[in-house]
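The structure under discussion appears below in the form of structure tokens.
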Amino acid sequence: MGISFEFRMVESLQDFHRTGEYLHGQDLGYPRYHGWVDKTIHDIASGKKRAIIGLSNGIIVGNIVYRMNGDVPGLVDVRNMRIHPALRNRYFAKFMHKQVEIEAKNAGQYGLICDVREDRPDLARFMIGSLGYSQLFNQPINLYEEGKRDIVLVKFFKETVEESKGIIHLAKNKLFTAGQNLINMPENLSLAA
């Protein structure tokens, strides 16, 4: 098979449909995942979320979904990033992620925020080691369901201490609000050093 890679924003009706099929086939056991996919495709179509897809010979093999105006002002919310196992280690994720970073910087955002399941240390290491994220809290927290803890990660573009402190505290406060789906918040939770 020849090499023919393409990356593009999800904008056409055909891409909405194909991206939905791809995401539905990538369930990693999150609760209400398929409902999330349906809502996400609707949100991409309406402009609330954006997505980039990676294709190999015309077949979707990777994606990144993000919200420019996420829950924490100043931070772009990276919601989903997947690469087909057969095409990993080809810098697809890094390339798509870099496009989101550039868009976020150009829009005046301070950084990115995402979460990774605690039982995916390989992914957490990749996000920290290859993409430059750091852990927001000193320990994982339950974001989506009882018994499944998530590591909250942030990556800042603007490096002034005061700006970062302000955004970190906004993120922490936002996650602590009653409107969030946090379960059994640890009493000793603090910002990671």
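The values are calculated or read from the model by the stated rules, or taken from the named source; none is laboratory data. Owing to the predicted nature of the structure, the values given are computational and were not obtained by experimental measurement. Note: ideal-geometry Cβ built from the backbone for every residue, glycine included; neighbour counts use all protein chains shown.
For this structure, a couple of remarks:
- For the range 87-104, the criterion of a residue being more than 25 Å from Gly129 (Cα to Cα) and among the aliphatic types (A, V, I, L, M) is satisfied by no position.
- Any hit, the range 77-92, residues being among the β-branched types (Val, Ile, Thr) and farther than 25 Å from Leu55 by Cβ: no
- Every listed requirement among (1) surrounded by fewer than 17 Cβ atoms within 10 Å (Cβ to Cβ); (2) in contact with a helix residue (DSSP H, G or I) (Cβ under 6 Å, 6 or more places away or on another chain); (3) among the small types (Gly, Ala, Ser); (4) within 20 Å of Asn106 (Cα to Cα) is met by Ala51 save one, (1).
- Unmet requirement for Glu6, which otherwise passes all of (1) surrounded by 13 or more Cβ atoms within 10 Å (Cβ to Cβ); (2) more than 17 Å from the chain's Cα centre (by Cα); (3) under 17 Å from His84 (Cβ atoms): (1)
- Just one of the numbered conditions (1) closer than 20 Å to Val76 by Cα; (2) modelled with pLDDT under 75 is not true of Lys155: (2).
- The strands (runs of 3 or more DSSP E) found wholly in the range 36-135 and carrying at least 2 residues that are without any contact (Cβ under 8 Å) to a residue 40 or more places away in the chain and in contact with a His (Cβ under 7 Å, 6 or more places away or on another chain) occupy 59-67.
- Test for Val116: is it under 14 Å from the mean Cα position of the chain (by Cα), modelled with pLDDT of 95 or more and crowded, with 21+ Cβ neighbours inside 10 Å: no
- In the condition set (1) on the phi > 0 side of the Ramachandran plot; (2) at pLDDT 90 or above, Arg32 is compliant with all but (2).
- Test: residue in the range 9-28 that is surrounded by 13 or more Cβ atoms within 10 Å (Cβ to Cβ), among the β-branched types (Val, Ile, Thr), touching a strand residue (DSSP E or B) at 6+ places or on another chain (Cβ under 7 Å) and closer than 24 Å to Val154 by Cα: no
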